[in-house]
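Trainee: After the structure tokens below, expect a handful of questions from me.
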Amino acid sequence: MMKKIVATVLSIVLTSSIIGAQTERWQQYIKYNIDVTLLDQTNKIEGTEQIEYSNNSSDTLHKIFFHLYWNAFRPNSSMDVRSLELGKNVMRRRNGDEIPDWDSRVKDRISKLKEDEMGYNHVTKLTINGIAQELIEHETILEVRLAKDILPNSKTLINLSFKAQVPVQIRRAGRNSIEGIQFSMSQWYPKMVEYDYQGWNANPYIAREFYGVWGTYDVKTTANKKYMIAATGVLKNANTIGYGYETKGTIVPAIKGNNITWNFTGQNIHDFVWAADTAYVHISKKIREGLTLNAFYKKGNGANDSAWKNVLWAAEKVLPYIEKNYGQYPYPQYSFIQGGDGGMEYAMATLIRNSSLGTVFHEWLHSWYQQMLGTNESLFSWMDEGFTEYATDQVSNYYYTNWALSSPFVKNSQSAIDDATAVYKRLPLVEAANYDGYFSLAKSGMEEPLSTHADHYNTNWAYSAASYSKGAVFLNQLGYIVSDSIRNKILLEYYRQWRFKHPNANDFIRVAEKVSTLNLQWYKEYWMNSTKTIDYALGNVATDSISGKTLITLKRLGKMPMPVDVVITLKDGNREFHTIPLDLMFGAKLAENGNKVIVDKEWQWTHPEYSLETSLNLTNIKSIEIDPSQRMADVNRVNNKLVIPD
């Protein structure tokens with residue numbers, strides 16, 4: 001009874017969050033009731049969906065759309081051809097090796113699939129109020145031409161039947177992964193396309209990102225009882241299923257017949273994943289009232305109990321840090337499920353190949369920057385991957401500095417201790433890796449603006465470097481512009497204002513402006529909509545013959561303007577800190593780290609040079625340095641420091 005009360009209260013809280021979020025931007029809402037059967041002998045599934053769709057917009061809808069992702073896994077599909085075309089691009093590594101620019105997981109594998117290895121997902125019938133609708137399949141997008149329009153602020157009941165074939169494991173979903181997981185069931189059901197303030201987001205499944213309607217999922221999955229199933233949501237019939245889900249002390253009744261129906265439910269989520277295997281090990285840890293962490297893994301291929309138990313131990317240790325810095329985790333569970341082709345996030349779960357904590361932290365943090373702050377990933381992939389990458393760096397720093405070597409699952413393993421120690425020693429380089437990734441991109445000649453649609457980058461490499469590295473640098477550098485402490489407040493306020501509301505880049509910047517009291521549109525425009533780079537340099541240093549002051553010439557060599565921090569170090573070790581605001585900011589950041597900072601006159605963005613004055617005597621100055629914190633993404637730091645000869 002208590003569990004039912006907790007679940008009901010959580011439902012009310014989450015629903016209230018969404019209702020309260022409607023004041024600034026409407027959201028569509030959806031309720032799925034899905035019944036699916038796994039036909040494991042033929043690698044097929046068959047199912048039905050009952051959908052209640054709420055059109056909360058002021059628009060009349062003449063058609064609706066569904067994603068049919070698995071239709072991508074057929075020779076000559078858009079995903080296949082796109083992979084083959086990008087593979088014709090030859091990329092050079094630093095060591096001079098030439099490699100094709102295709103996704104290493106996909107390559108040319110789709111083109112070689114046999115009929116029984118392919119994937120497909122077909123809606124066989126769709127009715128609204130009992131009336132069959134006209135269906136037009138555009139490979140991975142199903143167009144439904146409505147017999148009757150869906151009116152504004154109305155609810156519509158949709159019923160559909162579908163059948164699908166599980167493809168061999170290639171990208172995210174599939175059967176028989178490298179680790180031997182039998183079924184990784186992501187992007188498996190006809191999923192309604194999101195309709196938002198920009199209209200229908202009917203993006204074909206080419207390679208990358210996802211976007212969906214928040215709603216309630218009630219999913220019943222019938223499978224042979226030899227399979228254990230891990231999934232999004234909470235298992236409603238846990239005490240009759242068992243498999244480690246049951247309440248402690250419960251005697252699970254014997255299962256009659258060959259099949260089991262698993263009933264998982266999730267609220268205020270925009271996707272649903274499940275996986276099935278005959279040899280899953282299920283471990284769980286209740287870390288507080290109303291939140292349980294799970295791990296599902298298959299022994300072999302390097303998997304072991306200690307490593308996966310360490311996943312839950314580490315996740316519990318970092319959660320307070322995550323919630324303090326990025327906002328509360330509101331769902332009742334999270335599952336780390338071995339499966340898929342690497343690491344991929346879903347509602348209340350991730351498919352991951354192994355127990356690597358870097359992947360564990362990254363995928364869980366997508367719960368914030370994909371699940372709760374669900375930006376349109378196709379249009380703003382950097383706000384999802386980049387923000388998550390930034391948070392992963394911070395959480396990794398916290399974990400390896402404070403907890404890694406005290407894990408009970410590490411202490412008795414010298415190899416685990418060595419691994420944790422090695423990561424700890426690399427911590428100062430964690431953030432630098434994303435800067436290096438961005439610098440490589442900026443100097444490559446292949447960079448495209450962050451505003452480029454995720455599927456339309458000319459190269460896979462440019463997409464990855466931009467979305468992950470340049471996206472992460474965006475937040476690190478924001479700390480440079482407004483101060484790290486203010487940036488941290490911005491992230492919490494962003495979570496508070498925009499969770500469950502599909503924010504875009506301008507929404508984030510408006511939060512940043514309100515919290516910092518600085519104008520920041522210029523930063524978004526340069527960083528997102530252009531490929532202009534930052535390059536500042538020290539010029540001439542001289543003594544003014546009249547005032548006796550030291551005059552320092554600063555030069556803007558790059559095309560992107562920035563505020564500039566300068567530190568002057570004296571021969572006696574004392575330092576003088578300066579910050580030069582950019583005129584477009586209409587203000588200056590707060591002093592950081594307890595340092596007394598001189599706020600100089602603003603630097604007009606049109607001016608390539610600036611004269612900085614200091615009353616310090618030139619003969620006492622040891623060095624002058626631009627951006628000593630190295631948070632500004634200056635593409636040529638060689639000219640940022642000048643040592644004054646004796």
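The values are calculated or read from the model by the stated rules, or taken from the named source; none is laboratory data. Keep in mind that this is a model prediction, so the values were computed, not measured. So basically every Cβ, Gly included, is an ideal-geometry build from the backbone, and we count neighbours across all protein chains shown.
Trainee: What number of residues within segment 540-572 satisfy the criterion of being part of a loop (DSSP other than H, G, I, E, B) and modelled with pLDDT of 95 or more?
Mentor: Within segment 540-572, residues that are part of a loop (DSSP other than H, G, I, E, B) and modelled with pLDDT of 95 or more number 9.
Trainee: Which ones in segment 583-596 are under 36 Å from the mean Cα position of the chain (by Cα) and over 17 Å from LEU520 (Cα atoms)?
Mentor: Across segment 583-596, the qualifying residues are ALA591, GLU592, ASN593, GLY594, ASN595.
Trainee: Tell me which residues, restricted to segment 239-251, are touching a Ser or Thr at 6+ places or on another chain (Cβ under 7 Å) and either in a strand (DSSP E or B) or exposed (fewer than 14 other Cβ atoms within 10 Å of the Cβ) (or both).
Mentor: Filtering segment 239-251 down to residues touching a Ser or Thr at 6+ places or on another chain (Cβ under 7 Å) leaves 239, 244.
Matches in segment 239-251: none.
Trainee: Okay, moving on. Being surrounded by 14 or more Cβ atoms within 10 Å (Cβ to Cβ), without any contact (Cβ under 8 Å) to a residue 60 or more places away in the chain and of a type in the set (D, E, K, R) narrows it down to one of ARG74, ARG109, so name that one. Break it down stepwise before answering.
Mentor: Working: ARG109 fails: without any contact (Cβ under 8 Å) to a residue 60 or more places away in the chain.
Just one listed residue meets the conditions, ARG74.
Trainee: While we're on this one: Within segment 45-59, is there a residue that is among the hydroxyl-bearing types (Ser, Thr, Tyr), assigned to a loop (DSSP other than H, G, I, E, B) and surrounded by fewer than 16 Cβ atoms within 10 Å (Cβ to Cβ)?
Mentor: There is at least one residue in segment 45-59 that is among the hydroxyl-bearing types (Ser, Thr, Tyr), assigned to a loop (DSSP other than H, G, I, E, B) and surrounded by fewer than 16 Cβ atoms within 10 Å (Cβ to Cβ).
Trainee: Which condition from (1) basic (Lys, Arg); (2) surrounded by fewer than 19 Cβ atoms within 10 Å (Cβ to Cβ); (3) out of contact with any strand residue (DSSP E or B) (no Cβ under 6 Å at 6 or more places or on another chain) is the one that LYS236 breaks?
Mentor: Of (1) basic (Lys, Arg); (2) surrounded by fewer than 19 Cβ atoms within 10 Å (Cβ to Cβ); (3) out of contact with any strand residue (DSSP E or B) (no Cβ under 6 Å at 6 or more places or on another chain), only one is false for LYS236: (3).
Trainee: A follow-up question, please. Tell me which residues, restricted to segment 548-581, are in contact with a Phe, Trp or Tyr (Cβ under 9 Å, 6 or more places away or on another chain) and under 21 Å from LEU520 (Cβ atoms).
Mentor: ARG556, GLY558, LYS559, MET560, PRO561, MET562, PRO563, VAL564, ASP565, ILE580, PRO581
Trainee: Name the pairs: first residue in segment 234-257 and under 25 Å from MET348 (Cα atoms) and in contact (Cβ under 8 Å) with a residue 60 or more places away in the chain, second residue β-branched (Val, Ile, Thr) and outside any loop (DSSP other than H, G, I, E, B), Cβ to Cβ under 9 Å, at least 6 apart or on different chains?
Mentor: VAL234/THR265; VAL234/THR292
Trainee: Moving on to the next point. Going by the conditions given, is ALA542 hydrophobic (A, V, I, L, M, F, W, C), surrounded by fewer than 14 Cβ atoms within 10 Å (Cβ to Cβ) and in contact (Cβ under 8 Å) with a residue 12 or more places away in the chain?
Mentor: So ALA542 fits the description; yes.
Trainee: Okay, next question. Hey, MET560 hits all of (1) touching a residue at least 40 places away in the same chain (Cβ under 8 Å); (2) surrounded by 17 or more Cβ atoms within 10 Å (Cβ to Cβ); (3) in contact with a strand residue (DSSP E or B) (Cβ under 7 Å, 6 or more places away or on another chain) but one; which does it fall short on?
Mentor: It is condition (1) that MET560 fails.
Trainee: Mind telling me which of the residues SER444, SER530 ends up being outside the structural domain of GLN328 (by TED's automatic domain parsing) and at pLDDT below 95?
Mentor: SER444
Trainee: Next question, about the same structure. Does GLY327 count as under 26 Å from GLN182 (Cα atoms) and surrounded by fewer than 23 Cβ atoms within 10 Å (Cβ to Cβ)?
Mentor: Numbers: under 26 Å from GLN182 (Cα atoms): no; surrounded by fewer than 23 Cβ atoms within 10 Å (Cβ to Cβ): yes.
Considered against the rule, which asks whether it is under 26 Å from GLN182 (Cα atoms) and surrounded by fewer than 23 Cβ atoms within 10 Å (Cβ to Cβ), GLY327 comes out as no.
Here's the yes/no breakdown for (1) surrounded by fewer than 23 Cβ atoms within 10 Å (Cβ to Cβ); (2) more than 22 Å from PHE500 (Cα to Cα):
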position: LYS148; (1), (2): yes, yes
position: LEU157; (1), (2): yes, yes
position: SER184; (1), (2): no, yes
position: GLU209; (1), (2): yes, no
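Trainee: Restricted to segment 160-182, and to residues that are farther than 21 Å from LEU126 by Cα and basic (Lys, Arg), which residue is surrounded by the most Cβ atoms within 10 Å (Cβ to Cβ)?
Mentor: ARG171
Trainee: Which one is surrounded by the fewest Cβ atoms within 10 Å (Cβ to Cβ) among residues in segment 593-626 that are in contact with a helix residue (DSSP H, G or I) (Cβ under 6 Å, 6 or more places away or on another chain) and assigned to a loop (DSSP other than H, G, I, E, B)?
Mentor: GLN604
Trainee: I'd like to know if segment 93-100 contains one or more residues that are among the hydrophobic types (A, V, I, L, M, F, W, C), more than 29 Å from ASP40 (Cβ to Cβ) and within 27 Å of the chain's Cα centre (by Cα).
Mentor: Checked against the condition, which is being among the hydrophobic types (A, V, I, L, M, F, W, C), more than 29 Å from ASP40 (Cβ to Cβ) and within 27 Å of the chain's Cα centre (by Cα), segment 93-100 yields at least one hit.
Trainee: Check every one of the strands (runs of 3 or more DSSP E) wholly within segment 69-187 and list those with 2 or more residues that are of a type in the set (Lys, Arg).
Mentor: Fully inside segment 69-187 and qualifying: 141-150, 154-165.
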